[in-house]
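So the structure is just underneath, and the comments pick up after that.
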Amino acid sequence: MNQTDASIGVFPIIISLVIAVLMIAAMWKVFAKAGQPGWAAIIPIYNIYVLLKVAGRPGWWLILFIIPVVNLVMSVILALDVAKAFGKSGVFGFFGLWLFGIVGYPVLGFGSARYQGPAAA
C-alpha cells in the first residue's frame, strides 16, 4: 500500500466525521430550542424518542421505527411534524428535514426558527 492509497481511505472518514459532528451539533441546538436536553442528540435511540416528544407524538411510536417500510412512513410524518413545530411548512419538513436532513436540521438549529410547541398535540 502506498501513500496515495492510504489518503484515499482517510479522506472519506474525515468527511464522515465532519458531517457527524455537524449533525450532532445541529440536533443538539434543535433539542435545546425545544426545551429538551441537548445531549440527547448523541444517544442513538433516545434521540428519536426526544424528537417524537418535540413533534408531539407519543413515545410508543418508537416501536414503529423498528418495522421495515413502516419506519420510512413514520420518519416522513415525524419530519413534517418537527417542521410544523418550528413554524416551517410541510415542504420544508419533507425536503429539508427528511430528504436533505444534512441541510434542514442545521437550518432549524442554527437559524432563526423558534419552537412553537408540539405540532401533533
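Each value in this text was obtained by applying a stated rule to the coordinates, not by laboratory testing. Every value quoted in this text rests on a predicted model; they were computed, and no experiment measured them. Cβ: placed from backbone, ideal geometry, glycine included. Neighbour counts: every protein chain shown.
Observations, loosely collected:
- Remark: the stretch 30-121 is approximated by an ellipsoid whose semi-axes, taken from the C-alpha gyration tensor as √(5λ), come to 18, 15, 12 Å, largest first.
- Calculated P(r) tail over 15 Å for the stretch 1-76, as whole % of Cα pairs: 65 percent
- Placing a label point 7 Å from the Cα of L99 along the Cα-to-Cβ direction, the residues of the stretch 72-90 with a backbone N closer than 18 Å are 72-84, 88-90.
- Label-to-label distance, nm, for residues given as I14 and W39 (7 Å Cα→Cβ offset): 3.2 nm
- Angle between the chain longest axis and helix 3-33 axis [Cα atoms, degrees, rounded to 10]: 20 degrees
- Each peptide among 44-57, 105-118, 13-26 gets the average number of other Cβ atoms lying within 10 Å of its residues, and from highest to lowest they stand as 44-57, 105-118, 13-26.
- Think of it as helices only: each DSSP H run of n ≥ 4 in the chain is worth -39500 (n - 2.57), and spread over all residues that comes to -18500 deg cm²/dmol at 222 nm.
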